[in-house]
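**Student:** To start, I am sharing the structure in question, which I have written as structure tokens.
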Amino acid sequence: MPQKIAAGNWKMNGTQASLSEIQAIAEAAQESPCATILCPPAHLLHRAASLAGPLAIGGQNCHHAPSGAFTGDISAAQLADCGASYVILGHSERREGYGESDSLVRAKAQAALQSGLTPIICLGESQEQRAAGQALEVVLAQLSGSLPDDARVIIAYEPIWAIGTGLVPTVAEITEVHDALRAQLHAIFGAAGQEISILYGGSVKPSNAQEIFAITHVNGALVGGASLKAEDFLPIMRSLAES
Ligand code: PEP
């Protein structure tokens, strides 16, 4: 059975003053039967990891090279050095804003695995692609192009049009994509593909988490806005535990 995972992506939000939120999420993670991962901005990683306990910490991006002249970047080994054990890769904000291709995401995922990090690989179609009936084709192509050789990954299906908008796909739409992702992971990795957690992301809130977690092959969520405050994230963690 894939592990159930509640993951939070803080993006470029949070300061030292936010460590109290991480502390509250870490305390709740101690009680949870599910895995909890929080991906704060890079400057908080080290302090977050030192107070996290059973809460795992992740980065939000890494460079594909182990070190070198890449001003402003961070390597997978450096994330691990801060205490991270996961890294989000291929988020649509990086694919769209920084032109990250599937092959670059794949190279980053390989680098992450080499440094002992588990990559959380994000996939998702735009509103135009969904309207044109291309959602499945786009997401499955991103999956094959972005996957490393190893099944030690987490997949996050995040339709771009649902991120930060309050719009959420229907249960049927999420089901269709997650079923297809599971089938493709099985085809690529065999039995190991059945164990990979597939998260849904895009406007997950305490009010819709229960319905989303009831969907077959939804093994948790990658949560942006609602992970910033423990009072929003904890009910999502609870809904996952009860699903
Ligand atoms: C995200 O950016 O990964 C995300 C899912 O954001 P939100 O939950 O705010 O839609």
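The values are calculated or read from the model by the stated rules, or taken from the named source; none is laboratory data. Just so we're clear, the structure is a prediction, and the values are computed from it rather than from any experiment. FYI the Cβ positions are ideal-geometry reconstructions off the backbone, even for glycines, and counts take in every protein chain you see.
**Student:** Based on what the data block shows, is ILE74 surrounded by 18 or more Cβ atoms within 10 Å (Cβ to Cβ), farther than 22 Å from LEU199 by Cα and away from the ligand (no atom under 16 Å from the Cβ)?
**Tutor:** On the way: surrounded by 18 or more Cβ atoms within 10 Å (Cβ to Cβ): yes; farther than 22 Å from LEU199 by Cα: yes; away from the ligand (no atom under 16 Å from the Cβ): yes.
Yes: the conditions hold for ILE74.
**Student:** Here is a further query. Starting from residues that are under 22 Å from ALA35 (Cβ atoms), surrounded by 15 or more Cβ atoms within 10 Å (Cβ to Cβ) and among the small types (Gly, Ala, Ser), keep the ones in segment 174-209 and report whichever is farthest from the ligand (Cβ to nearest atom).
**Tutor:** The extreme case among them is GLY193.
**Student:** Right, here's the next one. So, in segment 77-100, of the ones that are within 17 Å of the chain's Cα centre (by Cα) and assigned to a loop (DSSP other than H, G, I, E, B), which residue ends up surrounded by the fewest Cβ atoms within 10 Å (Cβ to Cβ)?
**Tutor:** SER85
**Student:** Identify all residues within segment 2-19 that are over 15 Å from GLY224 (Cβ atoms) and of a type in the set (S, T, N, Q); write none if there are none.
**Tutor:** Hits for segment 2-19 are GLN3, THR15, GLN16.
**Student:** Out of curiosity, is GLU128 within 15 Å of the ligand (Cβ to nearest atom), assigned to a helix (DSSP H, G or I) and either among the basic types (Lys, Arg) or modelled with pLDDT of 95 or more (or both)? Spell out the reasoning first.
**Tutor:** Values: within 15 Å of the ligand (Cβ to nearest atom): no; assigned to a helix (DSSP H, G or I): yes; either among the basic types (Lys, Arg) or modelled with pLDDT of 95 or more (or both): yes.
Here the answer is no, as GLU128 does not meet what is asked.
**Student:** For a quick check of your reading of the model, give me the residue pairs whose first member lies in segment 220-237 and is charged (D, E, K, R), whose second is within 9 Å of the ligand (Cβ to nearest atom), with beta-carbon atoms closer than 6 Å and at least 6 apart or on different chains.
**Tutor:** Once the first residue is charged (D, E, K, R) and sits in segment 220-237, its partners that are within 9 Å of the ligand (Cβ to nearest atom) give ASP232/ALA226.
**Student:** What residue, among those in segment 210-235 that are more than 10 Å from the ligand (Cβ to nearest atom), of a type in the set (Gly, Ala, Ser) and more than 13 Å from THR170 (Cα to Cα), is surrounded by the fewest Cβ atoms within 10 Å (Cβ to Cβ)?
**Tutor:** ALA230
**Student:** Which condition number in (1) crowded, with 18+ Cβ neighbours inside 10 Å; (2) farther than 18 Å from ALA42 by Cα; (3) touching a helix residue (DSSP H, G or I) at 6+ places or on another chain (Cβ under 6 Å) is the one that SER126 fails?
**Tutor:** SER126 satisfies every listed condition except (1).
**Student:** What are the pairs with Cβ atoms under 6 angstrom where one residue, in segment 153-167, is more than 13 Å from ALA221 (Cβ to Cβ) and within 7 Å of the ligand (Cβ to nearest atom) and the other, located anywhere, is part of a helix (DSSP H, G or I) and at pLDDT below 95? Sequence gap at least six, or different chains.
**Tutor:** No pair meets every condition.
**Student:** Would you mind finding the one in ALA65, ALA52, ALA69 that is closer than 26 Å to LEU234 by Cβ and either of a type outside the set (S, T, N, Q) or out of contact with any Cys (no Cβ under 8 Å at 6 or more places or on another chain) (or both)?
**Tutor:** Details: ALA65 fails: closer than 26 Å to LEU234 by Cβ; ALA69 fails: closer than 26 Å to LEU234 by Cβ.
When all the criteria are applied, what remains is ALA52.
**Student:** Here is a further query. Looking at segment 129-145, which of its residues are polar (S, T, N, Q) and surrounded by 15 or more Cβ atoms within 10 Å (Cβ to Cβ)?
**Tutor:** Kept after step one, since they are polar (S, T, N, Q), are these residues of segment 129-145: 129, 134, 142, 144.
GLN129, GLN142, listed by residue number.
**Student:** Scan segment 194-211 and report the pairs whose first residue is under 22 Å from GLN184 (Cα atoms) and of a type outside the set (Phe, Trp, Tyr) and whose second residue is assigned to a loop (DSSP other than H, G, I, E, B) and at pLDDT below 95, with Cβ atoms within less than 9 Å and a gap of 6+ or a chain change.
**Tutor:** Short answer, once both residue conditions are applied: GLN194/MET1; GLU195/MET1.
**Student:** Related question: If I filter segment 151-163 down to residues being of a type outside the set (A, V, I, L, M, F, W, C) and touching a Ser or Thr at 6+ places or on another chain (Cβ under 7 Å), which single residue comes out as nearest to TRP10 (Cα to Cα)? If you could, list the steps in order and put the result at the bottom.
**Tutor:** Narrowing segment 151-163 to residues of a type outside the set (A, V, I, L, M, F, W, C): 152, 157-159.
After this cut, where a residue has to be touching a Ser or Thr at 6+ places or on another chain (Cβ under 7 Å) as well, the list is 152, 158.
Numbers: ARG152: 23, GLU158: 15 Å.
Filtering segment 151-163 for residues that are of a type outside the set (A, V, I, L, M, F, W, C) and touching a Ser or Thr at 6+ places or on another chain (Cβ under 7 Å), the one nearest to TRP10 (Cα to Cα) comes out as GLU158.
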